[in-house]
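One structure below.
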Amino acid sequence: MKKISFRNIIAVILSCLILAGVLICPGEICFATGKKIARSILVFYSGKNGEKDISNNVSELFGISFGYLGYDVRYQDLDKGLGDIDDLDRADIYMVCQFEAVHPNGDELCRFLLSKIPEKRVVLLELPGSEAYQNELFAKIGFQTEGLFIKNDDVSDFWCDESVGKGEAEFRKPDTFPYFDIQANPASGDFKVLVKARRDTSEIVLAGTTPRGAVAFINKLIFTDGASTRKWMVDPVKLTQSLLGGEKFIVPDPCVKSGNRVAFIHIDGDGFNYRSSVGANKYCGEIIFDEVIDRYKLPTAASLIVAEINARNFGNAELEKICRSLFKSPYVSLGSHSWYHPFNWEKIKADVPEKYSDDTHEDLLQDDLKAFNPAWVVYETCLQKEIPASVEFLSRLTGKTCETFFWTGKCNPTTAAIEMCEKLNILNVNGGDTRYDDEVGISTRAALVTPVRVEFHYTIVRRPDGAVAADGLTVHAVTDKTGRPRRLPAAIRSLFP
């Protein structure tokens, strides 16, 4: 593997800043204020509760929000204890999501969390331990409760603070589970109620925050029909930001790999074989090639799901022929989006094929998205099938070397899965979302130094207070694939003074 110098690392960071409008603060310290950014989260969950318990599945419910807001998240199975001392010390925020009346390790967790407030932030998504300990924990965060539950029928309506926004569904009472009776403690004086349920005699906090922590009962904030449909009744990104303290900081945008690349375009293979609603009964994959790839001629990494193409699975000979033709494009790098598109990679064994059903297939698609191609289940598979076999099949089908593997579903590959990619000498991507930061204003000036070199001057201003967070310059040179200098096109050179 090629070594990357410190200068190249800085170039990557500054390129991200200029081209995507964001910046990472080195060493987790915001250089504008000197304050350490609290961006490390440790989530306590219960493995035996399973993913069916929606409040226990933080990685699925909050994963996109964590990535968008720039948080670094680790997970600890409470069934195995509190975890490694280094992980505990490293975390700035502790989040608890296990759902059990009294978890065997719940009281130990409560005692630990009590010892960390207010040094660290504590976010409770469920009741963590026995009544005495958890009530003390609520009180230290800034809420009060007698540990009582309120029947659904006693709740009349709901109220949401505008800061958490609107979700996909209107607020409604869940069919099951009573409400845990908890209120903000007036004595603390520094709380903010985000969502509450109202009854004749009192109000129940469903989500609230203080400088020391927050509470949010997730099964009251998500609508579910008891099957596959789940919809947030608040804006999950805004809720997540409030629960984690509301601190805003600049985060990296992983669009660029090195100083030589100004963008990275990649396309997952999902739906290549869907019949398009536009375009003379063409497949969606054909539309993408016709209207995007062949039109703009930008280098693009495009992937395929083997099962959607392979005539022995859900594809046909026509699809195989189309793929063979389209991927001859010189602008396209071939990638695999797996064989069956498993949803949860942690379930997949290395080389022993097993049958899977709802453990791995994506069953959360809405009916209106199934108009052209119904969702299908993962049949007998293993890592060997999903990674090496899919790479080999697509390389053989297209006559082009498969260079990248695109993780599917939850994008949670195991160590064994990543090692398999390394042995194949292929790249692997997916598992995070890029973002722009509206709180930061970025201005740039550019000048053509030579026909092959451009100099960018940048200034980053925090919009809330107008403070200059950073300013400086970078110089970019244009090279070909061998590293030799290349002149910028005349149309590009004409844009610079």
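Can you tell me which residue is surrounded by the fewest Cβ atoms within 10 Å (Cβ to Cβ) among those in region 174-207 that are under 31 Å from the mean Cα position of the chain (by Cα) and basic (Lys, Arg)?
LYS192
Quick check, is ASP89 of a type in the set (Asp, Glu) and surrounded by fewer than 16 Cβ atoms within 10 Å (Cβ to Cβ)? Break it down stepwise before answering.
On the way: of a type in the set (Asp, Glu): yes; surrounded by fewer than 16 Cβ atoms within 10 Å (Cβ to Cβ): yes.
For ASP89, the condition - of a type in the set (Asp, Glu) and surrounded by fewer than 16 Cβ atoms within 10 Å (Cβ to Cβ) - is met.
Filter region 77-132 down to residues that are part of a loop (DSSP other than H, G, I, E, B), aliphatic (A, V, I, L, M) and over 26 Å from the mean Cα position of the chain (by Cα), then give me how many there are. Walk me through how you get there before you give the answer.
Of region 77-132, the ones part of a loop (DSSP other than H, G, I, E, B) are 81-84, 91-92, 97-105, 117-120, 125-130.
Among the residues that remain, those that are also aliphatic (A, V, I, L, M) are: 82, 91, 101-102, 117, 125, 127.
Remaining after also requiring over 26 Å from the mean Cα position of the chain (by Cα): 101-102, 117.
Number satisfying all stated conditions: 3.
I'm trying to understand the selection: among the residues of region 54-64, which are surrounded by fewer than 20 Cβ atoms within 10 Å (Cβ to Cβ) and part of a helix (DSSP H, G or I)?
First, pick out the residues of region 54-64 that are surrounded by fewer than 20 Cβ atoms within 10 Å (Cβ to Cβ): 54, 57, 59-60, 63-64.
ILE54, SER59, GLU60, GLY63, ILE64, listed by residue number.
Looking at region 400-410, which of the residues that are of a type outside the set (D, E, K, R) and in contact with a Phe, Trp or Tyr (Cβ under 8 Å, 6 or more places away or on another chain) is surrounded by the fewest Cβ atoms within 10 Å (Cβ to Cβ)?
The first filter runs over region 400-410 and keeps only residues of a type outside the set (D, E, K, R), leaving 401-402, 404-409.
Among the residues that remain, those that are also in contact with a Phe, Trp or Tyr (Cβ under 8 Å, 6 or more places away or on another chain) are: 407-409.
Working: TRP407: 20, THR408: 28, GLY409: 18.
Of everything passing the filter in region 400-410, GLY409 is surrounded by the fewest Cβ atoms within 10 Å (Cβ to Cβ).
Restricting to region 150-172, what's the tally of residues that are assigned to a loop (DSSP other than H, G, I, E, B) and farther than 11 Å from MET233 by Cα?
Step one: of region 150-172, the residues assigned to a loop (DSSP other than H, G, I, E, B) are 151, 155-156, 161, 165-172.
Narrowing further to those that are farther than 11 Å from MET233 by Cα: 151, 155-156, 161.
The qualifying residues number 4.
Anything in region 85-129 that is small (Gly, Ala, Ser) and at pLDDT 85 or above? List them, or say none. Explain how you work it out, then say what you get.
Going through region 85-129, the residues small (Gly, Ala, Ser) turn out to be 91, 101, 106, 115, 129.
Scanning region 85-129 gives ALA91, GLY106, SER115.
Closer than 23 Å to ASN57 by Cα and either not assigned by TED's automatic domain parsing to the domain that holds LEU61 or not in a strand (DSSP E or B) (or both): does that describe VAL215?
On the way: closer than 23 Å to ASN57 by Cα: yes; either not assigned by TED's automatic domain parsing to the domain that holds LEU61 or not in a strand (DSSP E or B) (or both): no.
Judged against the criteria, VAL215 is not a match.
The values are calculated or read from the model by the stated rules, or taken from the named source; none is laboratory data. Note that this is a predicted model, so its numbers are computed, not measured. All Cβ positions, glycine included, derive from the backbone under ideal geometry; neighbour counts span all protein chains shown.
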